[in-house]
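A.B. asks: Just dropping this structure here.
Just so you know, all these numbers are worked out from the coordinates, no wet-lab data involved. The structure displayed is predicted, hence computed values, not measured ones. Cβ placement follows ideal geometry from the backbone for every residue including glycine, while neighbour counts extend to all protein chains displayed.
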Amino acid sequence: MNPAVKSLADRIEALLPQTQCTKCGFNGCRPYAEAMAAGEAACNRCPPGGAEGVRRLAGTLGVEPMPLDPERGNEQPRAVALIDESLCIGCTLCIQACPVDAIAGAAKQMHTVIPELCTGCDLCVAPCPVDCIAMVPVTGDRTGWDAWSQAQADAAHARYLARQARLVREREENDARLAAKAAAKLAAVQAEAPQDDAERAAQERKRAIIQAAIERARQKQQAARPRNIENVSPAVQAQIDAAEARRARAGLTEPGVGPNAKPDPERQQ
């Protein structure tokens, strides 16, 4: 992306409500902002921002405001998710779906939404296998930016970035642990002393299999790191740190239970 388009995308992203709801048809607010900056998407695809959001985006893009695209949803009062705790089975699918870590809970334990952190994206509703999540309006007749402040948007953005960074960290830590085990297994194979051609051929096959697995893991790790979680401003970094601190206080930092946790081969044996 050239610098001019990136600069415009940054300004556009700052105008979005940061609910990360994907109703615009993109996988989050940043991809939508980049598409608008590149002239690949219209500015009327964000229901949470409503008509006021369209007006703000149109002004930055230098185009005339247009009606909200009805195919993307209608402007409505802001809602927060509510879990019927008597029905919750603790599957963690809603936790994995929440883009801002607004749901507390653990596997096979009751989950609950932290209302002040919920952006109302409703991404947690569809994955629930027991249909125990409802979206409850909380802003009366206020809709769009009348129901959502810039401070709330900034805080939601910081929590989203914090979550993205956490997922990367969890994945990298897990990958490093598995890579160390694979390296140890490779060293053990290389230390074997084959007695004949058949054993040497078997040793070489095992070595090739392990080395190929290590290389695949390395390439996957390089390709998996998401954009837009580096080079954040000091103010955003402070919000990220605060979000991580809240997670720690809420007991949401237990290792090995995140959506990026991978099975440990030794535990499966």
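A.B. asks: Using r as the Cβ-Cβ distance of residue 198 and residue 222, and R0 as 41 Å, what FRET efficiency do you calculate, to the nearest 0.05?
C.D. replies: 0.65
A.B. asks: Next up: How high is the FRET efficiency from residue 82 to residue 213, r the C-beta distance, R0 51 Å, rounded to 0.05?
C.D. replies: 0.70
A.B. asks: When the chain is fully extended, how far beyond the present Cα-Cα distance does residue 131 get from residue 51, taking 0.36 nm per residue of separation?
C.D. replies: Value of the extension gain: 25.7 nm.
A.B. asks: Once you charge only the Cβ atoms, +1 for Lys and Arg and -1 for Asp and Glu, what is the size of the charge dipole of region 3-72 about its Cα centre, to the nearest 20 debye?
C.D. replies: Roughly 120 debye for region 3-72.
A.B. asks: Taking 45 Å as R0, compute the FRET efficiency from the Cβ-Cβ separation of residue 6 and residue 187 and round it to 0.05.
C.D. replies: With R0 = 45 Å, the Cβ-Cβ based efficiency is 0.50.
A.B. asks: Here's a follow-up. Separation between the residue 22 and residue 205 pseudo-spin-labels, each 7 Å from Cα along Cα→Cβ, expressed in nm?
C.D. replies: 4.2
A.B. asks: Report the local net charge at residue 124: Lys and Arg +1, Asp and Glu -1, summed over other residues whose C-beta lies under 13 Å from its C-beta.
C.D. replies: -4
A.B. asks: How much net charge surrounds residue 80 when only other residues with a Cβ under 13 Å from its Cβ are counted (Lys, Arg +1; Asp, Glu -1)?
C.D. replies: Neighbourhood net charge equals -1.
A.B. asks: How charged is the neighbourhood of residue 194? Take every other residue with its Cβ under 12 Å from the Cβ of residue 194, and add Lys/Arg as +1 and Asp/Glu as -1.
C.D. replies: Taking every Cβ under 12 Å from that of residue 194, the sum is -1.
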